[in-house]
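A short write-up of the structure that comes next.
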Amino acid sequence: MNKDKIIKLAIIFIFIGIAIFSYFISPLKFFSRKSSYQVTSFDDGRIEFTLQIKTAEAKNRETEYLAFVIEESFKEKGLSDFDVTPLNDKIEIIAREDKTSTNTINATLSILMDDWLLQENPVSLEGKIKYILEWKESARKEYERYLIDQIITVLSKRLDNFGFDDFSVDFREYKSFNKPTEIIVLIPLVKDVNLIRNTLGAGGYLEFTEVIGDPASTEKELLSQYGGKLPEKTWMGKEKTNNEERYYLLKSIPIITGGDLKDSGLGRDSFGYAAVSFSLKAMAQSRFEKYTGENKGKRLAIVLDKKVISAPVIQTQLSDSGIIEGRFTLKEAETLALLLRTGALPAELEIVKEKSIKL
């Protein structure tokens, strides 16, 4: 065999060796997970979580949002002197009893009739008329099925981001008993089970919300600024940092939500603390840009599951991206980025049972 052939064969064997080494030995094979949220798991057992869906609270939130949409629609159509009030899973509408108001209300509500029932005989109240909207039973059941499907999708995304190869998310119905539907999650035994518990139960509902006035150090102090009662369409948010608490008066309807986020990841704030960077979808960019441009020097509350993470002062106009600061630990920032990227749960979940299964 001549020298050239020997060299060629040697080169071929070297490449084959590198390929085999890369497949079996290279660390890239073992650390090419979809994300960095790794947990230590064991093959000798499983953990089963049973979660209950807080369906009533989710329906109420859906009703509140629809009431807001109806109110905004009335305003756009020039209707005045009316009131739209969500009442648990019903909506009460009171307006002037005249032909113009009646036609506007009927035209607006007609698009809802597939899912909602309008009271057949509205009540007259001294020159005003009261309507009651309530869910149809078919729509109620369809919404409950939507909750189950969406919860399974979101929880599956979260567990997948932890790098689990073997997990299941399913539901259990009790048709013959007066018992709520349960979500059943089965995962391998893990070392940091608290991280999994917190991730399963976290709603992940993010809001960027307008702050009204100045913060207060106590709930009583904030209420005293408004005569002991919160103004309509506002709520009180609390921020807790170390041993200090701050209370804010917040608008009920957020400027943008987690649903407006295109992506999220890890970042750092100006003090070097772990933070969460985010980018916005195109439809939300102009809304966010307009608000931050018109409200420089005012506070904007960043709220997760109705808890204020931070309420920074708007320093400059923002449009397509930003950063969420809260003096997070690295693990807290990673978990928040994960929740935002995988989406919010449509309803709150409560872990009612947890058991370990040895194999």
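Out of all the residues in region 177-192, which are touching a strand residue (DSSP E or B) at 6+ places or on another chain (Cβ under 7 Å) and either modelled with pLDDT of 85 or more or over 17 Å from Q52 (Cα atoms) (or both)? Residues satisfying the conditions are E182, I183, I184, V185, L186, I187, P188, L189, V190.
The strands (runs of 3 or more DSSP E) found wholly in region 177-247 and carrying at least 2 residues that are of a type in the set (D, E, K, R) occupy 206-216, 234-241.
Conditions (1) surrounded by 14 or more Cβ atoms within 10 Å (Cβ to Cβ); (2) out of contact with any Phe, Trp or Tyr (no Cβ under 9 Å at 6 or more places or on another chain); (3) closer than 24 Å to D44 by Cα; (4) not assigned by TED's automatic domain parsing to the domain that holds S252, marked per residue:
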{"position": "D166", "(1), (2), (3), (4)": "no, yes, yes, yes"}
{"position": "E173", "(1), (2), (3), (4)": "no, yes, no, yes"}
{"position": "E182", "(1), (2), (3), (4)": "yes, no, no, yes"}
{"position": "E221", "(1), (2), (3), (4)": "no, no, no, no"}
{"position": "G227", "(1), (2), (3), (4)": "no, yes, no, no"}
{"position": "G237", "(1), (2), (3), (4)": "yes, no, no, no"}
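Pick from region 237-266 the residues that are of a type outside the set (D, E, K, R) and out of contact with any helix residue (DSSP H, G or I) (no Cβ under 8 Å at 6 or more places or on another chain): which of them is nearest to V69 (Cα to Cα)? Lay out the reasoning, then the answer.
First, the residues of region 237-266 that are of a type outside the set (D, E, K, R): 237, 241-243, 247-250, 252-259, 261, 264-266.
In the following step, the residues that additionally are out of contact with any helix residue (DSSP H, G or I) (no Cβ under 8 Å at 6 or more places or on another chain) were identified as 237, 241-243, 250, 254, 257, 259.
Numbers: G237: 23, T241: 35, N242: 38, N243: 39, L250: 19, P254: 13, T257: 16, G259: 17 Å.
Only one residue tops the list, namely P254.
With a requirement of 3 or more residues that are over 19 Å from L250 (Cβ atoms) and modelled with pLDDT of 90 or more, the strands (runs of 3 or more DSSP E) lying completely within region 273-341 that satisfy it span 274-280. Selection of region 44-100 for residues being aromatic (F, W, Y) and either modelled with pLDDT under 90 or farther than 30 Å from L159 by Cα (or both) yields Y65, F68, F74, F82.
In this structure, is N106 of a type in the set (S, T, N, Q), more than 30 Å from G343 (Cβ to Cβ), assigned to a helix (DSSP H, G or I) and without any contact (Cβ under 8 Å) to a residue 12 or more places away in the chain?
Numbers: of a type in the set (S, T, N, Q): yes; more than 30 Å from G343 (Cβ to Cβ): yes; assigned to a helix (DSSP H, G or I): yes; without any contact (Cβ under 8 Å) to a residue 12 or more places away in the chain: yes.
The answer is yes for N106.
When the residues of region 312-335 are filtered to those that are buried (at least 19 other Cβ atoms within 10 Å of the Cβ) and of a type in the set (A, V, I, L, M), which remaining residue is nearest to E207 (Cα to Cα)? The qualifying residue nearest to E207 (Cα to Cα) is I324. Pairs linking a residue in region 118-142 that is surrounded by fewer than 11 Cβ atoms within 10 Å (Cβ to Cβ) and in a loop (DSSP other than H, G, I, E, B) to a residue that is modelled with pLDDT of 85 or more and not small (G, A, S), with Cβ atoms under 9 Å and 6 or more positions apart or on different chains, are E126/E97; G127/R96; G127/E97; G127/D98.
Between G272, G293, which is on the phi > 0 side of the Ramachandran plot and out of contact with any Ser or Thr (no Cβ under 7 Å at 6 or more places or on another chain)?
Details: G293 fails: on the phi > 0 side of the Ramachandran plot.
The conditions single out G272.
The values are calculated or read from the model by the stated rules, or taken from the named source; none is laboratory data. Just so it is clear, the model here is predicted, and its values are computed rather than measured. Neighbour counts are summed over all protein chains in view; Cβ atoms, including those assigned to glycine, are modelled from backbone coordinates with ideal geometry.
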